[in-house]
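Following: one structure in structure tokens, then a few remarks.
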Amino acid sequence: MNRSQDCLALTMKDAAKLVGVDYRTIKLGIDSGTIPTVQLGPRRMIPRAGLMRVFGVGD
């Protein structure tokens with residue numbers, strides 16, 4: 001099972017797979033402020049709902 005289908009927060013790699021883009025596209029979106037992130041301890045995670053809004057994907 002793909003864990004990104006159930007998670008509320010995703011890694012950059014999982015976010016890229018979920019929306020079908022390259023990892024670098026996610027990184028550029030984060031760096032420009034287009035894709036929201038939250039800091040969870042040492043990791044920067046992407047809220048699933050915010051990612052889906054940015055890419056216009058119904059969840």
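None of GLY41, GLY33 is more than 12 Å from the chain's Cα centre (by Cα), of a type outside the set (D, E, K, R) and modelled with pLDDT of 95 or more except GLY33.
Against the definition (basic (Lys, Arg) and surrounded by 13 or more Cβ atoms within 10 Å (Cβ to Cβ)), how does ARG53 come out, yes or no? Answer is yes for this residue. Of the residues making up segment 16-42, those that are surrounded by fewer than 11 Cβ atoms within 10 Å (Cβ to Cβ) and either of a type in the set (Lys, Arg) or not in a loop (DSSP other than H, G, I, E, B) (or both) are ARG24, ASP31, SER32, GLN39, LEU40.
The values are calculated or read from the model by the stated rules, or taken from the named source; none is laboratory data. All of these numbers come straight from a predicted model, not from anything done at the bench. Don't worry about glycine lacking a Cβ; one is built from the backbone with ideal geometry, like all the others, and counts go over all protein chains shown.
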